[in-house]
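S.K.: Quick one: the structure is below, questions incoming.
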Amino acid sequence: MQLLDGKIASAAILQKIKSKTAAATVAGKRKPHLAAILIGNDGASETYVASKVKTCTEIGFDSTLIRFSNDIAEKELLQKIEALNLDPHIDGILVQLPLPKHIAEEKIIHAIAPHKDVDGFHPYNVGMMTSGAPTFIPATPYGILLMLEHYQIPTKGKHAVVIGRSHIVGTPMSILLSRKGYPGDCTVTLCHSATTNLKEIALQADILIAALGKTEFITADMVKPGAVIIDVGITRVEDSSKKSGFAIKGDVKFDEVAPIASAITPVPGGVGLMTIAGLMMNTWNAYQKHIAA
Ligand code: GUN
């Protein structure tokens, strides 16, 4: 069994971006700049955004963290996004999800200028991706593709089963894996909460992508021996033995699935780190277009 180590794969990608950033700044160019908006004080969102900002610093990007309290008016948030859209020094804008209930997620996503939408959530970029045009790919599916590539996991003709149909992970993942070329050319089945014979389908997977957000949902009896397992779950569960008071659990029961898999991502230390690598790649690509314009 091969461990698909997000630390190793993301470090390789980040190192390349860091070198290119250093070369650009030596040549007199400004640094790439990511703006992250964080609303409220959800512990998990705080951690994710902090990692994104920290990674920017590590690879030589500028970053700006903009914090709002939970009761921010939708209008104020839209005004901030518009200001960032117009700011020539900002390459990428990300609004950490989920948002408070009184704010319409769709409205916020639509407000981000497509050329700064490094999350790849704007319908323009979703349309570009779906039609196979080069664009920003949502960071988690992008990170998974980068992981498959880093470890040279064969994908052509494989049956990929994606569990979960979110617009952030499952839906784009299913589209990307079915695309022509590498890593793609898969036959894809997208399963979700209304799928009736989930276990039967999961057992047919050569590549199983668990992105449903249910702790340790995938058990050994749902996995074909030799399958490649990609665990997208990152759920906090109470654990008094930890200093933080919680442990991070994936959607896969790692201990029983790992021995029968040919390759598997750990949680933590797997897909989560690749998501950040995907985001940094998108920010780098946005920057390149902006400095060339
Ligand atoms: N919340 C969970 N995943 C993501 C992500 O990839 N981007 C943003 N903006 N919010 C998220």
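The values are calculated or read from the model by the stated rules, or taken from the named source; none is laboratory data. Every value quoted in this text rests on a predicted model; they were computed, and no experiment measured them. Glycine gets a Cβ as well: all are built from the backbone with ideal geometry, and neighbour counts include every protein chain shown. Protein only, heavy atoms only, side chains kept; ligands, DNA and RNA dropped before computing areas. Shrake-Rupley method; radii C 1.70, N 1.55, O 1.52, S 1.80 Å.
S.K.: When Lys and Arg each count +1 and Asp and Glu each count -1, what net charge do the other residues less than 12 Å away from LYS214, Cβ to Cβ, add up to?
M.R.: Neighbour charge sum, excluding LYS214 itself: -1.
S.K.: Still on this structure: How much FRET efficiency would the formula 1/(1 + (r/R0)^6) give for GLU76 and LYS16, where r is the Cβ-Cβ distance and R0 is 35 Å, rounded to 0.05?
M.R.: With R0 = 35 Å, the Cβ-Cβ based efficiency is 0.40.
S.K.: Continuing with this model, one more query. So, for segment 7-119, what is the accessible surface per residue at a probe of 1.4 Å, expressed in square angstrom?
M.R.: 50
S.K.: Relative to the longest principal axis of the C-alpha atoms of the chain, give the angle of the C-alpha long axis of helix 6-26, reported between 0 and 90° and rounded to the nearest 10°.
M.R.: Roughly 20 degrees, rounded to the nearest 10.
S.K.: A follow-up question, please. Just to check I understand the Karplus step: with θ = phi - 60° and J = 6.51 cos²θ - 1.76 cosθ + 1.60, what whole-Hz values come out for segment 192-199, glycine and proline as x?
M.R.: After applying 6.51 cos²θ - 1.76 cosθ + 1.60, I find 8, 5, 9, 5, 8, 10, 4, 4 Hz.
S.K.: Additional query: What is the chain's relative contact order, in percent, from Cα pairs under 8 angstrom and six or more apart in sequence?
M.R.: Once normalised by length, the contact order is 21 percent.
S.K.: Would you be so kind as to identify which of ALA24, MET280, MET129 lies farthest towards the positive end of the dipole of the chain, taking Lys and Arg as +1 and Asp and Glu as -1 on Cβ and the Cα centre as origin?
M.R.: Projecting each Cα onto the dipole axis, the largest value belongs to ALA24.
S.K.: Residues with amide H under 5 Å of HIS159's amide H, sequence separation 5 or more or different chain, H placed in the peptide plane at 1.01 Å from N; which?
M.R.: Residues meeting the criterion, in which the H sits 1.01 Å from N, are THR187, ASP206, ILE207.
S.K.: Let me ask you something else. For segment 201-290, what is the percent of antiparallel DSSP beta bridges, rounded to the nearest 5?
M.R.: Taking every DSSP beta bridge within segment 201-290, about 35 percent pair in antiparallel fashion.
S.K.: For segment 168-246, run through the trypsin sites (Lys or Arg not before Pro) and keep only the ones in DSSP coil with at most 12 other Cβ atoms within 10 Å of their Cβ.
M.R.: The qualifying sites are LYS180, LYS242, LYS243.
S.K.: A follow-up question, please. Only helical DSSP H runs with n ≥ 4 go in: add -39500 (n - 2.57) per run for the chain, normalise by residue count and round the 222 nm mean residue ellipticity to 500 deg cm²/dmol.
M.R.: Rounded to the nearest 500, it is -12500 deg cm²/dmol.
S.K.: What is the ratio of the Cα radius of gyration of segment 217-274 to 2.2 N^0.38 Å, where N is its residue count, to two decimals?
M.R.: 1.18
S.K.: What angle do you read, to the nearest 10 degrees and between 0 and 90, between the alpha-carbon axis of helix 43-59 and the longest principal axis of the chain?
M.R.: 70
S.K.: Can you give the accessible area per residue of segment 157-198, in Å², using a 1.4 Å probe?
M.R.: I get 45 Å² per residue for this part.
S.K.: Here's another thing I want to ask about it. How big is segment 134-175 on each of its three principal axes, counting only the C-alpha atoms and giving the largest first in Å?
M.R.: 25, 21, 16
S.K.: Tell me the carbon and sulfur percent of the accessible area for segment 120-251, rounded to whole percent, probe radius 1.4 Å.
M.R.: 55
S.K.: How big is the dipole moment of the chain about its Cα centre under a simple scheme where the beta carbon of each Lys and Arg is +1, that of each Asp and Glu is -1, and everything else is neutral? Debye, nearest 20, please.
M.R.: Dipole size: approximately 700 debye.
S.K.: Could you work out how far helix 139-150 tilts from the main Cα principal axis of the chain, as a 0 to 90 degree angle to the nearest 10?
M.R.: Helix 139-150 sits roughly 60 degrees off the main axis of the chain.
S.K.: Past the 21 Å Cα-Cα mark, which pairs from LYS18/LYS289; LYS18/LYS180; LYS54/LYS107; LYS214/LYS253; LYS54/LYS75?
M.R.: Result: LYS18/LYS180; LYS54/LYS107; LYS54/LYS75 exceed 21 Å.
S.K.: Determine the gain in length on full extension of the stretch LEU3-ASP255; use 0.36 nm per residue of separation and subtract their C-alpha separation, reporting nm with one decimal.
M.R.: Extending this stretch completely gives an extra 89.5 nm.
S.K.: For a bin width of 10 Å, list the pair-distance distribution of the chain built from all Cα-Cα distances, rounded to whole %.
M.R.: Answer for the chain: a P(r) of 6, 28, 35, 24, 7, 0 percent.
S.K.: Follow-up. Just to check I understand the Karplus step: with θ = phi - 60° and J = 6.51 cos²θ - 1.76 cosθ + 1.60, what whole-Hz values come out for segment 88-94, glycine and proline as x?
M.R.: Calculated HN-Hα couplings, in order: x, 8, 9, 9, x, 10, 10 Hz.
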